[in-house]
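The values are calculated or read from the model by the stated rules, or taken from the named source; none is laboratory data. Note that the structure is predicted; figures quoted are calculated from it, not measured. Counting neighbours? That spans all protein chains shown, and the Cβs are built from the backbone with ideal geometry, glycine included.
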Amino acid sequence: MKYPQAQNFVNGKFIDANTQNYLDVISPLDGNLLSKVPLSSSSDLNQAVVAAKAAFPSWSRTPIKERVQVFFRYKTLLEKHLKELAELCSEENGKTYGESVAEIEKCIELTEFATSLPQLVTGEILEVSKGVECRTEHVALGVVASIVPFNFPSMVPNWTLPNAIALGNCMILKPSEKVPLSCAKLAILLKEAGLPDGVFNIVNGGTEIVEAICDHPEIEAVSFVGSTKVAKIVYQRATSNFKRCLALGGAKNHLMVLPDAIPAMTAQNVAASMSGCAGQRCMAASAMIGVGNVDHIIDKICDEARKIIPGENLGAVINKESQLRIEKYITEAEQQGAKILVDGRNTKVKGKEGGTYVGPTVIDYVTPEMSVAQEEIFGPVISIMRTNTVDEALAIENKNPYGNAASVFTQNGGMARYIIDKASAGMIGVNVGVPVPREPFSFGGWNESKFGVGDITGKSSIEFWTQLKKSTTKWNAEAGVNWMS
């Protein structure tokens, strides 16, 4: 075992969980044992809630311009430890080192946005009548929780923790049991940055902790990122307990490719979108719709896909279960009449035979009713459907239940605008394969890709992590009284 057994982080200290149940943490790169992670109990969660609740009064009363000083220092520490964080991310998640570096760089950008919050939550004040003022201010909620997935061990925690904490809340983070090590390192850096004990806590575990978070009476808000199936359950359970909840689910992102698209640029973008992070991201290209004759572009996509080599510029999928599930989708599509243009099944990397790899896979002549066209595969696989018109392509995109992202590749500005207006997705790209907004613009999809109001990052997150307090004041009795005072 390369690393010590994972522990919970409560009140500024790493402590053992109250459990005898542990899971192995296996590196997808080579199958080696990295660590063991505890399946904590509800009593472990309650211990963290007590610590967070005790820290909240002092932290929330600290002026926001002082609170964000922690995140100026945290940003510097992320930069200082970038290589170490990236290597750890790659080991436990399986993505390439370059992708892991990009993930930490995104953490830095997210933290940079948090440092700007004093300029964004100044509130409003207006003299509504002679001598009478109305004022609004953003007030922290209290103890909040964030439940995060395996596919971005550092980035997704940083979607929530810098903003939620800088806005005055105290947080409990539940990492994925598959990748607990990166979150522990973030806790160390936050403590080094001067975050007071109890403001940030980590409770490791599985389903029991997720349910306990949704049920705990002193947790005010819950954010979740994961599959749509679980997002629905978390949203329903948390809101039934009168909590705020923002739950992000899965996706089936459609790239619409028109005949006038620039072939080389389109092929590079499509291939990178479907294979980046081994396709394990909710913004990955999962389905492509070729409108009209785009055979020349599909040929180039296949050429680009063949340049993507597992173990070199393509990472592993998270575990053997995922590998087998992805390969099953490919085989099923082939049996249903689709044509496998580039086949990533049965991939082995020399020297890393214990790793779990799926090579880049391009499937052509997919029909909309096939499972590869409808379901989230979460692997380096793209399914190509064909239509004669843009409206036919939009009908396919609109019918899919998800709504994270959609993109169009074209040189026709009017057609691009038409698709932006008609696509049923929260994030749209034009000649961009992964249309993730950069800060301060917020991340969030539509339909069954998101449950709750608002987005998880950017300016939109302010409304989720705070509540508005409105005050009306009058001091000059001589001003008289009218209907507004």
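Couple of notes before you dig in:
- The range 325-339, residues that are buried (at least 16 other Cβ atoms within 10 Å of the Cβ) and more than 29 Å from the chain's Cα centre (by Cα): 338
- Looking across 185, 174, 229, 178, one residue alone is out of contact with any Lys or Arg (no Cβ under 9 Å at 6 or more places or on another chain), modelled with pLDDT of 95 or more and buried (at least 23 other Cβ atoms within 10 Å of the Cβ). It is 174.
- Any pair with Cβ under 6 angstrom, 6 or more apart, that starts in the range 131-152 at a residue that is under 30 Å from residue 318 (Cβ atoms) and ends at one that is of a type in the set (S, T, N, Q): 144/169; 146/160; 146/223; 149/176; 150/176; 151/280
- Qualifying positions in the range 182-208 - free of Cβ contacts under 8 Å to residues at least 12 places away in the same chain and either part of a loop (DSSP other than H, G, I, E, B) or within 12 Å of residue 39 (Cβ to Cβ) (or both): 207
- Scanning the range 306-342 for residues that are in a loop (DSSP other than H, G, I, E, B) and either in the same structural domain as residue 88 (by TED's automatic domain parsing) or of a type outside the set (S, T, N, Q) (or both) yields 307, 308, 309, 311, 312, 315, 316, 317, 318, 337, 338.
- Pick from the range 457-485, criterion modelled with pLDDT of 95 or more and among the hydrophobic types (A, V, I, L, M, F, W, C), ranking: surrounded by the most Cβ atoms within 10 Å (Cβ to Cβ): 465
- Exactly one residue among 179, 156, 144 is within 24 Å of residue 17 (Cβ to Cβ), in a helix (DSSP H, G or I) and either of a type in the set (Gly, Ala, Ser) or in the same structural domain as residue 26 (by TED's automatic domain parsing) (or both), and that residue is 156.
- Strands (runs of 3 or more DSSP E) lying entirely in the range 6-125 (those with 1 or more residues that are modelled with pLDDT of 95 or more and buried (at least 22 other Cβ atoms within 10 Å of the Cβ)): 8-10, 22-26, 33-38
- A count restricted to the range 368-406 and to residues that are in contact (Cβ under 8 Å) with a residue 60 or more places away in the chain, out of contact with any Pro (no Cβ under 6 Å at 6 or more places or on another chain), under 23 Å from residue 261 (Cα atoms) and of a type in the set (Gly, Ala, Ser) stands at 4.
- Set 425, 393, 416: member being modelled with pLDDT of 95 or more, assigned to a loop (DSSP other than H, G, I, E, B) and either outside the structural domain of residue 165 (by TED's automatic domain parsing) or buried (at least 21 other Cβ atoms within 10 Å of the Cβ) (or both): 425
- Screening residue 285 on (1) under 23 Å from residue 100 (Cα atoms); (2) at pLDDT 95 or above; (3) hydrophobic (A, V, I, L, M, F, W, C) shows it passes everything except condition (2).
- Qualifying residue in the range 209-217 (condition: outside any helix (DSSP H, G or I), within 29 Å of residue 36 (Cα to Cα) and under 20 Å from the mean Cα position of the chain (by Cα)): no
- Residue list for the range 42-57, restricted to those being under 26 Å from the mean Cα position of the chain (by Cα) and under 21 Å from residue 4 (Cβ atoms): 44, 48
- Among the conditions (1) among the hydroxyl-bearing types (Ser, Thr, Tyr); (2) buried (at least 19 other Cβ atoms within 10 Å of the Cβ); (3) closer than 20 Å to residue 283 by Cα; (4) in contact with a helix residue (DSSP H, G or I) (Cβ under 8 Å, 6 or more places away or on another chain), residue 371 misses just one, which is (2).
- Condition check for residue 237: in contact (Cβ under 8 Å) with a residue 24 or more places away in the chain, basic (Lys, Arg) and not assigned by TED's automatic domain parsing to the domain that holds residue 36: no
- Evaluation of residue 1 against (1) within 19 Å of residue 158 (Cβ to Cβ); (2) not assigned by TED's automatic domain parsing to the domain that holds residue 198 (one fails), failing number: (1)
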